[in-house]
Structures are given as C-alpha cells and as structure tokens.
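Visitor: Sharing a structure below in structure tokens format, with a few things to ask.
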Amino acid sequence: EDQVTQSPEALRLQEGESSSLNCSYTVSGLRGLFWYRQDPGKGPEFLFTLYSAGEEKEKERLKATLTKKESFLHITAPKPEDSATYLCAVQAESGGSNYKLTFGKGTLLTVNP
Amino acid sequence: SAVISQKPSRDICQRGTSLTIQCQVDSQVTMMFWYRQQPGQSLTLIATANQGSEATYESGFVIDKFPISRPNLTFSTLTVSNMSPEDSSIYLCSVSSGSYEQYFGPGTRLTVT
C-alpha cells in the first residue's frame, strides 16, 4: 500500500526565515510526486511534479527536490502570503487506479510578518 | 489549466437524505476524479469517473453509497446517499487531460446533522 508522511504537521516562520517541508513516501514504483498548496476553504492548487530522483523544480520562493525515499519543499525568504497548507502526493506506476493520487496529511505553514 | 466549478459550494443536510454534487469543467478533459477530505485526514480518492461507463471505485467506497455519473467530457456528478454524520466532509473533483497532473475544483463542504 502506498504511503505518504509529511512533517512537520505545522510550521510557524517569521517573514524571511527560510525552511523546508518534508514528504517521505513508500510506493510500488513511482510515476510522479506532486506538491499542492491549499488555502482555507479552497481546493488544492497544483505546484510541482517530480518524476525521478535528483530532479528539482522551482517557482518563485519555492523549490522542490526528490530522492528515492523523500521530497523536500524548500521555502526561501517566505512572505505572509505563502501561508497555506502544503500537500504532497504520490502516483504509482501500476495499480487498480493508475491515476490515483495518495496524499499526505499536509503541513500547515504560517508566516508571520 | 482548466477552470473547474462545483455546485453546491456548501450544504447542510439531514441524516438519511441524499445530496448530488456537480462538477463542471470549461474544456474537455480525459479523466475526472472524486476525492473526500475529512477533518484531520488525507485527501482520499473515492472513484474515477469514466465517460460512457461505470465509475471505478477505490477500496472502501461502493456505488450504492456514492453513485457517480459522467455523461460527457466536461461534467460529472457525485451523489452521497443515505447520509450520516460520518459523511460530513469536503468533496472535491479533480481533472486530468494529457498529463499526470490533476487540477482540483473548489470543493463542496457537506455537513450532515
């Protein structure tokens, strides 16, 4: 069974204080690892897809990296508008539902001004 | 990416009744999915909505409880039948077309009393 564990559950940062969120996963053949951002009362917003170990993707202050066991979402010099829940999900190469995303519980990030 | 809307955005329903949630996309998409997000839990796939055939349900979800329709490439419905308080949740549709990324609608917040 595919599993995704995100840590920490919650993270509070001061504006400009860089940090990283962790996503550990076990999957029977990784097709892709996905990062989403979710604001309160809204659906998840797609951020990145990573397909193979060593791959990195960047978007503004966010940088996602991938190894064979985990992914990190690095946040550089965060701003209050980066406050949200960040979700990590994996998609396996095979299975009854080939496009199924298995999600972690998320990390609630709060950036104080 | 596609613009996805859901109706209703929220509802409060009585135990034993049913609610149908609509998901509309502004362009044709290959895949449509229904997820559930319960408080403190991970986003969980209920089923894949297949156009012109029965939906494919994940383990723990059955058609009698969550009947799904997909009459065309831009529209799907999820019905939550014979509701109980345990069905209180956020229900989200997502779409995918030509890639592995999934894009989510805004969600429907359901409260069962």
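Visitor: Roughly how many percent of the accessible protein surface of chain B is carbon and sulfur, given a 1.4 Å probe and a whole-percent answer?
Guide: Working: 2520 of 5300 Å².
After summing per-atom areas, the C and S share lands at 48 percent.
Visitor: Tell me, which cysteines of chain B are without a disulfide-compatible partner by the Cβ under 4.7 Å rule?
Guide: If one checks each Cβ against the other cysteines of chain B, B:C13 turn up with nothing under 4.7 Å.
Visitor: For the pairs A:K42/A:K63; A:K69/A:K105; A:K42/A:K68; A:K59/A:K100, note any where the Cα-Cα span goes beyond 20 Å. The partial results should precede the final answer.
Guide: Numbers: A:K42/A:K63 23 Å; A:K69/A:K105 17 Å; A:K42/A:K68 31 Å; A:K59/A:K100 25 Å.
Going by Cα-Cα distance, A:K42/A:K63; A:K42/A:K68; A:K59/A:K100 fall outside the 20 Å limit.
Visitor: Here's something else I'd like to know. For the range B:9-99, what is the charge dipole size about the Cα centre, in debye to the nearest 20, if Lys and Arg each add +1 at the Cβ and Asp and Glu each add -1 at the Cβ? The partial results should precede the final answer.
Guide: Numbers: 5 positive and 7 negative charges, 17 e Å.
Taking the Cα centre of the range B:9-99 as origin, the dipole is about 80 debye.
Visitor: For the A and B pair, go ahead and give the buried accessible area with a 1.4 Å probe, both sides summed, in Å² to 100.
Guide: 1700
Visitor: What aspartates and glutamates could a cross-link reach from B:K65, if we take a straight Cα to Cα line under 20 Å and drop same-chain neighbours fewer than 8 places away?
Guide: Filter leaves B:D11, B:E54, B:E86, B:D87.
Visitor: Across peptide B:101-113, how many C-beta atoms of other chains are within 10 Å of each residue C-beta, on average?
Guide: Working: counts 9, 10, 5, 7, 3, 3, 5, 1, 1, 0, 0, 0, 0.
Partner-chain Cβ atoms within 10 Å, mean over residues of B:101-113: 3.
Visitor: Starting from the Kirkwood radius over alpha-carbon pairs of the range B:4-105, derive D by Stokes-Einstein at 25 °C in a medium of 0.890 mPa s and give it in µm² s⁻¹. Can you show the working numbers first?
Guide: Values: Rh = 13.8 Å.
D = 178 µm²/s.
Visitor: Sorted from largest down, what three extents in whole angstroms do the Cα atoms of chain A have along their principal axes?
Guide: Result, largest extent first: 45, 31, 20 Å.
Visitor: Would you mind working out the accessible area per residue for the protein assembly as shown, using a 1.4 Å probe, and quoting it in Å²? List each step's numbers first, then the result.
Guide: Values: 10850 Å² over 226 residues.
With the other protein chains kept in place, the protein assembly as shown gives 48 Å² per residue.
Visitor: Another question, if that's okay. Note the full-extension length gain between B:F75 and B:Q24 as 0.36 nm times their separation in residues minus their Cα-Cα distance, in nm to one decimal.
Guide: Extra length available between B:F75 and B:Q24 comes to 17.9 nm.
Visitor: Once you treat every alpha carbon in the protein assembly as shown as an equal point and sum by Debye, what is log10 I(q)/I(0) at q = 0.07, 0.18 Å⁻¹?
Guide: -0.22, -1.34
The values are calculated or read from the model by the stated rules, or taken from the named source; none is laboratory data. Please read these numbers as outputs of a predicted model, since none were measured by experiment. No Cβ is skipped: glycine too gets one built from the backbone with ideal geometry, and neighbour counts run over all protein chains shown. Keep in mind that these areas ignore ligands, DNA and RNA; they rest on the heavy atoms of the full protein, side chains included. Shrake-Rupley method; radii C 1.70, N 1.55, O 1.52, S 1.80 Å.
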